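Asker: The structure that follows is given in the form of structure tokens.
The values are calculated or read from the model by the stated rules, or taken from the named source; none is laboratory data. Everything numeric in this text was worked out from a predicted model, so none of it was measured. Cβ placement follows ideal geometry from the backbone for every residue including glycine, while neighbour counts extend to all protein chains displayed. Please note that ligands, DNA and RNA were not included when accessible areas were found on the heavy atoms of the full protein model with its side chains. Shrake-Rupley method; radii C 1.70, N 1.55, O 1.52, S 1.80 Å.
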Amino acid sequence: MLDIPYTFELNAPGFVPSRYDNHIRRTLTSMRGQYHDVAAYEAMLAGGDALLYEVYELARPHESGEVLHGISIVHPGKVGDEYYMTKGHFHTVLETAEIYICLAGQGVMVMETPEGDWSVEALTPGRVLYVPPRWAHRSVNTGTADLVTLFAYPGHAGHDYGTIEQQGFRKLLVERDGLPEIVDNPRWGGEDREKGRRGEGEKG
Ligand code: PA5
Ligand code: NI
């Protein structure tokens, strides 16, 4: 790991950073249970484990004082009528924020708090999104090209995937008459939500 100042390049059209330490690839299998159309999910999986998104990380210590950063690329596509998206997570240390800069593509960030507040913000090239502490976040590609974002967050934040895995986000992004629409997630709330937050995890 470099412990001197460094730079790297992000060049169109791909925006793969000119240097990185980890390359994470997430396929359909890692999204089991997240898409509302289970039959569409299983049918698609039977045809192969499609690549949904990739993350290029620069390695930094997972310590407060550090800023973890990298590039997230969500490919275009749908499972049934629901767009390709990231797993999404709360930060294990809830009181940590994140900043996203959209470099390419068209999409949204779906967000919610443990109290059930929700928000959906557009991601378009040049747009900066600040995700405050306490807000779980998931990027969704609603376009036809790669959705590319640069992200940065505190080194000690950690990833809690378990809460979202249990019941998903409150809102889903589906295609209706060719356009993205925000709809309620029927799986959200009720019994699953009562089980509360569980587990924590690192990426991968
Ligand atoms: O830390 C973040 O929020 C991003 O780096 C995400 O990890 C990235 O976009 C991939 O999403 P997820 O970690 O939910 O799979
Ligand atoms: Ni995050």
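Asker: Across region 1-60, what is the number of residues that are among the polar types (S, T, N, Q) and surrounded by 15 or more Cβ atoms within 10 Å (Cβ to Cβ)?
Answerer: Qualifying residue count, region 1-60: 2.
Asker: Just to be sure I understand, how many residues within region 135-162 are under 15 Å from the mean Cα position of the chain (by Cα), more than 27 Å from Asn11 (Cβ to Cβ) and open to solvent by 30 Å² or more (accessible area, probe 1.4 Å)?
Answerer: 1
Asker: Next up: Mind counting the residues in region 117-134 that are open to solvent by 60 Å² or more (accessible area, probe 1.4 Å) and touching a Lys or Arg at 6+ places or on another chain (Cβ under 7 Å)?
Answerer: Here the count works out to 1.
Asker: Looking at (1) within 15 Å of ligand 2 (Cβ to nearest atom); (2) open to solvent by 20 Å² or more (accessible area, probe 1.4 Å); (3) part of a helix (DSSP H, G or I), which is the one condition that is false for Gln166?
Answerer: (1)
Asker: Taking region 109-125 on its own, how many of its residues are among the charged types (D, E, K, R) and within 16 Å of ligand 2 (Cβ to nearest atom)?
Answerer: 2
Asker: Right, here's the next one. Looking only at residues that are within 16 Å of ligand 2 (Cβ to nearest atom) and outside any strand (DSSP E or B) in region 126-145, which one is nearest to His89 (Cα to Cα)?
Answerer: Trp135
Asker: Does Val55 fit the bill of being β-branched (Val, Ile, Thr) and touching a His at 6+ places or on another chain (Cβ under 9 Å)?
Answerer: Yes.
Asker: Next question. Has region 53-62 got any residue that is more than 16 Å from ligand 1 (Cβ to nearest atom) and of a type outside the set (A, V, I, L, M)?
Answerer: No: zero hits.
Asker: For His89, which of the numbered conditions (1) away from ligand 2 (no atom under 11 Å from the Cβ); (2) buried (at least 21 other Cβ atoms within 10 Å of the Cβ) fails to hold?
Answerer: Checking His89 against (1) away from ligand 2 (no atom under 11 Å from the Cβ); (2) buried (at least 21 other Cβ atoms within 10 Å of the Cβ), the one that fails is (1).
Asker: Identify all residues within region 75-86 that are touching a Lys or Arg at 6+ places or on another chain (Cβ under 9 Å) and either closer than 12 Å to Asp146 by Cα or within 10 Å of ligand 2 (Cβ to nearest atom) (or both); write none if there are none.
Answerer: Tyr84, Met85, Thr86
Asker: Further question on the same structure: Looking at (1) over 19 Å from Asp146 (Cβ atoms); (2) open to solvent by 60 Å² or more (accessible area, probe 1.4 Å), can you tell me which one Met111 breaks?
Answerer: Of the numbered conditions (1) over 19 Å from Asp146 (Cβ atoms); (2) open to solvent by 60 Å² or more (accessible area, probe 1.4 Å), the odd one out for Met111 is (2).
Asker: From Leu172, Leu147, Leu103, Leu179, which residue is within 11 Å of ligand 1 (Cβ to nearest atom) and either more than 22 Å from Thr27 (Cα to Cα) or modelled with pLDDT of 95 or more (or both)?
Answerer: Result of the check over Leu172, Leu147, Leu103, Leu179: Leu147.
Asker: Out of all the residues in region 69-89, which are touching a His at 6+ places or on another chain (Cβ under 8 Å) and within 13 Å of ligand 1 (Cβ to nearest atom)?
Answerer: Within region 69-89, Tyr84, Gly88, His89 meet the criteria.
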